[in-house]
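To start, the structure under review is shown below, and the notes come after it.
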Amino acid sequence: MKVTDKDISFMKRALSLAAKARGMTSPNPMVGAVIIKKGRIVAEDYHKKAGEPHAEALTIIKAGDKAKDCTLYVTLEPCCHLDKRTPPCTKAIINSGIKKVFIAMKDPNPKVSGKGIEELKKHGIEVVSGMLEDKAKKLNEAYIKYITTRTPFVILKTAMTLDGRIATPEGQSKWITGEKARKIVHQMRSSVDAILTAVGTVKADNPEFTVRLWQKAKNPIRIVIDPNLETPIDYKIFKTPPETIVVTKKQAIGKRQKAIGQKRKTLIDRGIKIIEYEGNRVDLKWLMKRLGELGITSVMIEGGSSLNAYALQDGMVDKVVFFIAPKIIGGKDSIPAIGGKTFRRLEDAYKLHDIEIKKVGDDLMVEGYVAHGS
């Protein structure tokens, strides 16, 4: 079936509606829906939060009897299973009398994955799938990664100078980038489930890792890798909502370990979740599986040179966002954005694809996806 410019316009509208719930629907995807009759919008809505009605159901309720013989534009294949808190959307569509459905992308959830489309077709509803699929997939890239791997989508964010430095030799890093870039970072925080950092960053800056520059935005869970529980008990991450998870090393029995054990108990009593690992360094692949088991679908790394290097080295990073300030620190002792091992050959370097570059105030924002296995 031929797709018209109007069809594309209505699907863009549905995608725009879906994006309004960015950061609010996890572990569910963002979904928008628009019902059209004779070229005019009858009703529209989007999924607001996990456990609440889906976009299609909300839009059909708004349309009421007017939905009969209409066309529905929806950004994700309608669900058809009963293993959730809300009724299947395919039933609502069938019962509404809608005659045609445009779908941006199939649902990668194995419980749906084409079954929703087939159910609609079986009931005589014309279905067109794949319109603006790339945009729909980018919108729900975290959901797609999580539902297919049960591990979070990982973003590596860093702010650096033109010569690739994130701090002076003394550790000074505030502020490398300008206010507009920092505002975008706060927006990014509100869109992910969790922020991952390490004890060095926390001890250096005593950060809150909250969203302060966007009103009514959701604060992410804070995850701190702190092998020996060195973070002071009165630091902001332990006193300021929301939840904090500390990833720490299993300790052997001894005097020093007894003190760490007492601190561990104090943190647990305060509501801090503890995840323990064995060995000298946490295996980030293992950690991501643990976070996935906790229902965390997306993580943004806001760490230092070492954590950034380990995340790339362990193959955990899906996407990078680098903010580059028009400043030069210089010097071999200033701190690089990525530490760790050095590649001796350019062909071995980490490679990015689907790169976007934009100017943010006086800074540049470079966004791209890590090419795994290349």
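Taking the conditions (1) more than 24 Å from the chain's Cα centre (by Cα); (2) more than 23 Å from residue 196 (Cβ to Cβ) in turn, residue 357 satisfies each one other than (1). Of all the residues in segment 6-23, those that are more than 15 Å from residue 103 (Cα to Cα) and part of a helix (DSSP H, G or I) number 1. Listed conditions (1) open to solvent by 70 Å² or more (accessible area, probe 1.4 Å); (2) closer than 24 Å to residue 175 by Cβ; (3) touching a residue at least 24 places away in the same chain (Cβ under 8 Å) are all met by residue 332, apart from (3).
On the given criteria, is residue 70 over 23 Å from residue 188 (Cβ atoms), under 24 Å from the mean Cα position of the chain (by Cα) and surrounded by 18 or more Cβ atoms within 10 Å (Cβ to Cβ)? Taking the combined requirement at face value, the residue does not satisfy it. Apart from one condition, residue 368 fits all of (1) open to solvent by 80 Å² or more (accessible area, probe 1.4 Å); (2) farther than 19 Å from residue 168 by Cβ; (3) touching a Leu at 6+ places or on another chain (Cβ under 7 Å); (4) not hydroxyl-bearing (Ser, Thr, Tyr); the exception is (1). I need the full set of residues from segment 270-282 which are in contact with an Asp or Glu (Cβ under 8 Å, 6 or more places away or on another chain), surrounded by fewer than 16 Cβ atoms within 10 Å (Cβ to Cβ) and closer than 16 Å to residue 199 by Cα, in order please. Passing the criteria: only 273. Residues that are among the acidic types (Asp, Glu) and surrounded by fewer than 20 Cβ atoms within 10 Å (Cβ to Cβ) within segment 1-44 comprise 5, 7, listed in sequence order. Filtering segment 63-78 to residues that are touching a residue at least 24 places away in the same chain (Cβ under 8 Å) and of a type outside the set (Ser, Thr, Tyr) leaves 63, 66, 67, 68, 69, 70, 72, 74, 76, 77, 78.
The values are calculated or read from the model by the stated rules, or taken from the named source; none is laboratory data. Given the structure is predicted, the values throughout are model-derived calculations rather than measurements. Glycine gets a Cβ as well: all are built from the backbone with ideal geometry, and neighbour counts include every protein chain shown. Side chains included, ligands, DNA and RNA excluded: accessible areas come from the protein's heavy atoms. Shrake-Rupley method; radii C 1.70, N 1.55, O 1.52, S 1.80 Å.
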